[in-house]
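The values are calculated or read from the model by the stated rules, or taken from the named source; none is laboratory data. On a predicted model such as this, the values are computed, not experimentally measured, just so you know. When we count neighbours, we look across all protein chains shown, and the Cβ atoms used for this are built from the backbone with ideal geometry, even at glycine. Side chains included, ligands, DNA and RNA excluded: accessible areas come from the protein's heavy atoms. Shrake-Rupley method; radii C 1.70, N 1.55, O 1.52, S 1.80 Å.
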Amino acid sequence: MTSNNKFMEIHILQHVSFEDPGTVLDWARERKFPVGFTQLFQQEKLPETDEFDLLVVMGGPMSLADTKKYPWLDQEKAFLKKCLYANKKMIGICLGAQLLAETLGAKVFPGNKKEIGWFPIQKNDTSDHEILKLFTEEILPAFHWHGDTFNLPENAARLFSSKATENQAFVWNNQVFVLQFHWEVKPENVRLLLENSAADLAKGPFVQQPEEMLANKALFAAARKNLFLFLDFVVSSMD
């Protein structure tokens, strides 16, 4: 595969039907990037590493330890290591972020609090990574739906934190880009999460009610704008 942006191929790993790429696909269509999928929940075959330029690993309700219930998790973990050694650019979102953190040797574990709904993230003021210069505000809106978190991998640069979760995003070697939160969500993505994962909505200081999650259209617009900036940076950093 060539890394010329005009011909860049994106491949998406999807873990469940109700967590699709959302505005990632909008961005790819606007940039005219071809997109391929592996729907792991359908037992689809993983691609060869030379079939794509950028890998996007989506979210899902499972834990990384659920390999007996989801045996394809072990295959996916091995594939991500293969992609790492092949110097493939990778983006991880939520579960995908946790998988990539583990691939880089970090521990993934249950967080102290569930974080579900719109809660702000803050730039890491000790990081001078150039990606942070894209965002003019110090505090940005982000949608969350997670209970697990991870340690920062060695040599990774933390990008964002929230009150509930210290490691909300990081970049490693300008090859692996991780977002624990969901900038890709549209209202329909949130509705699907509410329909399929309502059991996660236990009371807590960082758990919103469904009507709150869908009330403010400006939050979705801001998330879309910021995701486009983020994805454009990832592409611009490709050799």
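At-a-glance table
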| quantity | calculated |
| --- | --- |
| Those strands (runs of 3 or more DSSP E) lying entirely in the range 150-239 with at least 1 residues open to solvent by 70 Å² or more (accessible area, probe 1.4 Å) | none |
| Long-range neighbours under 6 Å by Cβ, at least six apart or interchain, first residue of a type in the set (D, E, K, R) within the range 75-104, second assigned to a strand (DSSP E or B) | 88/55; 89/54; 102/108 |
| Count - residues of the range 65-75 that are under 20 Å from residue 90 (Cα atoms) and touching a helix residue (DSSP H, G or I) at 6+ places or on another chain (Cβ under 6 Å) | 1 |
| Residues within the range 54-70 that are open to solvent by 10 Å² or more (accessible area, probe 1.4 Å) and in contact with a Cys (Cβ under 6 Å, 6 or more places away or on another chain), tallied | 0 |
| Residues (assigned to a helix (DSSP H, G or I) and among the aliphatic types (A, V, I, L, M)) located in the range 129-149 | 131, 132, 134 |
| Identity of the residue in the range 49-70, assigned to a helix (DSSP H, G or I) and not polar (S, T, N, Q), that ends up nearest to residue 11 (Cα to Cα) | 51 |
| Inter-residue pairs, beta-carbon under 9 Å, first under 23 Å from residue 96 (Cα atoms) and in the range 1-23, second modelled with pLDDT under 70 and aliphatic (A, V, I, L, M), 6+ apart | 8/1; 9/1 |
| Selected residue (only one of 73, 25, 46 is assigned to a helix (DSSP H, G or I), open to solvent by 20 Å² or more (accessible area, probe 1.4 Å), aliphatic (A, V, I, L, M) and more than 17 Å from residue 180 (Cα to Cα)) | 25 |
| Count - residues of the range 28-43 that are of a type in the set (S, T, N, Q) and either part of a loop (DSSP other than H, G, I, E, B) or open to solvent by less than 40 Å² (accessible area, probe 1.4 Å) (or both) | 2 |
| Residues of the range 111-128 classified as modelled with pLDDT under 95, in contact with a strand residue (DSSP E or B) (Cβ under 6 Å, 6 or more places away or on another chain) and in a strand (DSSP E or B), total | 1 |
| Scope the range 6-25; condition at pLDDT below 95 and either within 21 Å of the chain's Cα centre (by Cα) or within 21 Å of residue 45 (Cβ to Cβ) (or both); matching residues | 8 |
| Residue pairs meeting the criteria (Cβ under 9 Å; at least 6 apart or on separate chains; first closer than 15 Å to residue 53 by Cβ, in the range 225-239; second among the hydroxyl-bearing types (Ser, Thr, Tyr) and open to solvent by 30 Å² or more (accessible area, probe 1.4 Å)) | 235/3; 238/3; 239/3 |
